[in-house]
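What follows draws every value from the coordinates through simple rules; no lab data is involved. In this text the structure is predicted, and so the values were computed from the model without any measurement. Cβ: placed from backbone, ideal geometry, glycine included. Neighbour counts: every protein chain shown.
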């Protein structure tokens, strides 16, 4: 496995380096390809918002908080610092940064972030199977820019994982066993080829992008985790237990995963026509081995880390292989720098799912295991943004999950008494102040 990945990345690096120089005329000024570090315009950036799903299933609101401080005014111009506070993460960066080299340390705390914190099945969220995870650690990274458009980044992040945290993640009254506290060592490498010019609050793009990232994770002390899905057994309906005997049945899953491999990839092509009319195409995906419901990729909704699929619930899908493509078209509106951007997304996942706790790893009642009913899921989106009073950036995003299936209880899910379609609305206000000199 390691040999194949090494050969694959050598091939990818060769291709990216060739692409970065493709089309350059013999007399073209090479200074245009020389990397130059970018300075943040403002010291403070604050974003506040909400993400609210609507439908016939569970509809939990997600508050969105993001504060960024960028320190660039040091006596030594090559020193850089950053502090970030978001809804589920707090981290800092202390770094040395030149035109070619960007290296530093990154201490980080995350809470309520693991996949198992959601057990969402076609509209029904089983809160007694959902667990919230937390971790803290200090990582390091080194990035080298070969050209203005081509860079390589390597990183290493050791962290300690715990599953009970006062107020934020007490994880009481669960019938799922809590995983053991454990360490995780995560090295990785990323290669990026990007020549994208962004203007107008990053809403207008022109250029291309190709990115590949590999991560390896080693769990130490994880032990064996037993995950339980009660399905629709032992559920009250109209004041009576289902089934009437009150017999508890369900599926027990067993995971002892130590080693996890992850590959992420994405590509984008963006064209800005005269008048700031844009066409944006994105294609991204991920392939993983050694994943259970506690470390699988979270697929769905606008705020996903990698697998963004608007119109579907936060962590609605867990899969070891996914592909997402999107096409969006942007139009300017002559009022307060407004823009509207409709789009269409397609998610593809193979029928076979290697995630333990989803389709694999059952040690009891394996005949009751049911995977996702579809291989393809689609959504339609529309984004609207403007500068309120020509000053305050406001972003409103709406998505309709065309193929989402929804129910309010687990037994209606398994009896296939479902309604189709779900809605997602995201509203964000952004403020920036304190210009970097």
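If R0 is 30 Å, the Cβ-Cβ spacing of residue 32 and residue 66 corresponds to a FRET efficiency of close to 0.35. Considering segment 335-437, its Cα convex hull presents a mean projected area of 11.4 nm². PRE reach from residue 52 (point 7 Å along Cα→Cβ): which of segment 409-424 fall under 17 Å by backbone N? The answer is 422-424.
Taking label points 7 Å from Cα along the Cα-to-Cβ direction, residue 370 and residue 279 give a separation of 4.2 nm.
How much of the calculated P(r) for segment 104-203 lies past 24 Å, in percent of all Cα pairs?
48 percent
From its DSSP helices (H runs of at least four residues, each -39,500 (n - 2.57)), the chain gives a residue-normalised ellipticity at 222 nm of -2000 deg cm²/dmol. Here residue 271 and residue 340 are evaluated by their C-beta separation; at R0 = 22 Å the FRET efficiency comes out at 0.80.
The Cα center of segment 29-78 and the Cα center of segment 298-336 differ in position by 18 Å. For the chain, a Gaussian network of Cα nodes joined below 10 Å ranks 104, 330, 389 by mean-square fluctuation, and the top entry is 389.
The calculated Kirkwood hydrodynamic radius for the chain is 23.8 Å, given to one decimal from all distinct C-alpha pairs. Of the residues 301, 318, the one with the fewest other Cβ atoms within 10 Å heads the list, and the complete ranking is 301, 318. Starting from the Cα of residue 185, step 7 Å toward the Cβ, then list every residue of segment 129-161 with an amide N under 19 Å from that point. Label zone hits: 136-142, 154-161. On the basis of the beta-carbon distance and an R0 of 25 Å, residue 73 and residue 100 show a calculated FRET efficiency of 0.70.
Build a GNM of the chain with springs between Cα atoms under 10 Å apart, and of 33, 108, 309 the one that fluctuates most is 33. If you run the Gaussian network model on the chain, springs between alpha carbon atoms under 10 Å, then out of 201, 209, 418 the most flexible one is 201. Note on segment 385-437 and segment 195-229: Cα centroid distance 20 Å, given to the nearest whole angstrom. Rounded to the nearest 10 degrees, the inclination of helix 2-21 to the longest alpha-carbon principal axis of the chain is 40 degrees.
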